[in-house]
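Q: Below are the structure tokens for one structure; questions will follow.
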Amino acid sequence: MEDERLTGKMIMSNNKKAIVYVRLKEGVLDPQGVTIHKALSQMGYNEFVSVRTGRFFELEVEAGSTNIDKRLHEVCSKLLANPVIESYTVEKL
Amino acid sequence: MKFGIVTFPGSNCDYDAYAAVKHVMGEEVEFLWHKSADLLGCDIVILPGGFSYGDYLRGGAIAKFSPIMEQVIKFANSGGMVMGICNGFQILTECGLLPGALMRNSHLRFSCKFIYLRVENNNSPYTCNCNVGDVLKIPVAHGEGNYYHFGSEIDRLEKNNLVIFRYCDKDGNISSESNPNGSINNIGGICNKEGNVLGMMPHPERVVEDILGSTDGLKIFESIKASLKPANTLS
């Protein structure tokens with residue numbers, strides 16, 4: 001049987017989404033951002049004075065889940081972000 | 001004396017460590033499977049290099065939740081010796097047994113070459129057979145070995161002599177040219193404040209026989225052996 005979670009098809013439900021953005025903390029060197037910024041400058045896009053990279057995660061949350069804010073923050077600090085070097089923000093859709 | 005070497009899915013230096021301990025040192029050694037929750041009575045646990053769980057998310061981020069790590073953390077917290085090499089060092093910082101984090105190399109390239117490492121502290125079970133200032137020739141092989149922590153924590157590490165190894169040139173000089181990954185203060189290896197947990201990016205298990213280009217890794221394994229051997233015993 002096809003598992004919808006694996007095929008990426010949206011399960012028909014009232015599930016919600018949360019988006020987690022993880023980025024390096026201010027002051028932590030981001031060599032990828034620096035390299036991308038250099039490329040932009042070489043391309044003539046000189047108005048962009050710096051670039052910082054990061055990543056985001058889309059989490060599908062079962063409809064009717066309780067205590068979700070607390071649990072989202074747990075997930076972020078335990079796994080999705082490394083609190084030594086990264087900060088995160090959570091957006092609920 | 002028994003060594004334990006953890007195998008995670010994606011570990012690729014576990015057999016090198018096994019061979020170094022068993023065939024070169026002639027000591028007893030066991031593989032410890034990541035799903036197991038039994039350290040089999042080992043006296044020291046080595047977390048080897050590789051790409052545990054594919055290094056998805058961040059190096060070491062997933063491995064820290066494996067059943068064996070729960071036991072390793074307990075073992076370390078009760079004073080047991082735990083050594084993380086390369087990916088093993090990343091796992092130790094991720095699970096909080098060692099401070100700081102290992103970030104992407106500042107030049108963004110995978111670094112795979114021989115480097116030199118200066119012994120900064122020999123008051124450690126991992127370097128007790130070395131002298132302070134000894135220069136060891138050991139290879140690195142990593143993309144994320146750039147040691148980072150915020151300023152006051154680096155000061156604390158330095159003040160407490162928790163930096164065990166620093167990248168240097170062959171004469172022992174510390175410079176940015178001798179730093180293979182951008183680590184703060186050329187840090188190549190640190191221990192916790194109790195001294196029983198060590199993390200290092202270079203691979204001592206790869207340099208234990210002349211044919212491998214160096215035998216300097218043996219100085220670390222011999223130190224471990226010396227510190228585990230009970231005093232005044234004959235066997």
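Q: Against the definition (acidic (D, E) and in contact with a Gly (Cβ under 8 Å, 6 or more places away or on another chain)), how does B:E70 come out, yes or no?
A: On the way: acidic (D, E): yes; in contact with a Gly (Cβ under 8 Å, 6 or more places away or on another chain): no.
So B:E70 fails the test.
Q: Every residue in region B:1-15 that is under 22 Å from B:K64 (Cα atoms) and touching a helix residue (DSSP H, G or I) at 6+ places or on another chain (Cβ under 8 Å), please.
A: Step one: list which residues in region B:1-15 are under 22 Å from B:K64 (Cα atoms), which gives B:3-15.
Listed by number, the residues that qualify are B:F3, B:I5, B:V6, B:T7, B:F8, B:P9, B:G10, B:S11, B:C13.
Q: Given the structure, is B:V197 in contact with a strand residue (DSSP E or B) (Cβ under 7 Å, 6 or more places away or on another chain), crowded, with 18+ Cβ neighbours inside 10 Å and under 18 Å from B:G88 (Cβ atoms)?
A: Values: in contact with a strand residue (DSSP E or B) (Cβ under 7 Å, 6 or more places away or on another chain): yes; crowded, with 18+ Cβ neighbours inside 10 Å: yes; under 18 Å from B:G88 (Cβ atoms): yes.
Spelling it out, B:V197 is indeed in contact with a strand residue (DSSP E or B) (Cβ under 7 Å, 6 or more places away or on another chain), crowded, with 18+ Cβ neighbours inside 10 Å and under 18 Å from B:G88 (Cβ atoms).
Q: Could I ask something else about it? Of A:L59, A:L29, A:L40, A:L72, which residue is under 21 Å from B:K64 (Cα atoms) and either surrounded by 10 or more Cβ atoms within 10 Å (Cβ to Cβ) or within 14 Å of another protein chain (Cβ to nearest Cβ) (or both)?
A: Numbers: A:L59 fails: under 21 Å from B:K64 (Cα atoms); A:L29 fails: under 21 Å from B:K64 (Cα atoms); A:L40 fails: under 21 Å from B:K64 (Cα atoms).
So the residue among A:L59, A:L29, A:L40, A:L72 that is under 21 Å from B:K64 (Cα atoms) and either surrounded by 10 or more Cβ atoms within 10 Å (Cβ to Cβ) or within 14 Å of another protein chain (Cβ to nearest Cβ) (or both) is A:L72.
Q: Going through region A:35-65 one residue at a time, which ones are farther than 25 Å from A:N82 by Cα and of a type in the set (D, E)?
A: First, pick out the residues of region A:35-65 that are farther than 25 Å from A:N82 by Cα: A:38-49, A:62-65.
Answer for region A:35-65, where residues must be farther than 25 Å from A:N82 by Cα and of a type in the set (D, E): A:E47, A:E62.
Q: If you don't mind, another one. Give me the residue from region B:9-42 that is in a loop (DSSP other than H, G, I, E, B) and under 16 Å from the mean Cα position of the chain (by Cα) and, out of that set, surrounded by the fewest Cβ atoms within 10 Å (Cβ to Cβ). Can you show your working first?
A: Just the residues of region B:9-42 that are in a loop (DSSP other than H, G, I, E, B), to begin with: B:9-10, B:12-13, B:25-27, B:34-42.
Now restrict to residues that are under 16 Å from the mean Cα position of the chain (by Cα): B:12-13.
Values: B:N12: 16, B:C13: 22.
In this case the residue turns out to be B:N12.
Every residue, every condition in (1) over 17 Å from the mean Cα position of the chain (by Cα); (2) among the acidic types (D, E), yes or no:
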residue: B:E120; (1), (2): no, yes
residue: B:N123; (1), (2): no, no
residue: B:Y126; (1), (2): no, no
residue: B:N131; (1), (2): yes, no
residue: B:H149; (1), (2): yes, no
residue: B:I164; (1), (2): no, no
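Q: Look at B:G145 and say whether it is closer than 16 Å to B:C191 by Cα and touching a residue at least 24 places away in the same chain (Cβ under 8 Å).
A: Numbers: closer than 16 Å to B:C191 by Cα: yes; touching a residue at least 24 places away in the same chain (Cβ under 8 Å): yes.
Judged against the criteria, B:G145 is a match.
Each reported figure results from applying straightforward, stated rules to the coordinates on display, with no laboratory input. In this text, all values refer to a predicted model and were calculated from it rather than measured experimentally. Backbone-built Cβ (ideal geometry, glycine too); neighbour counts: all protein chains shown.
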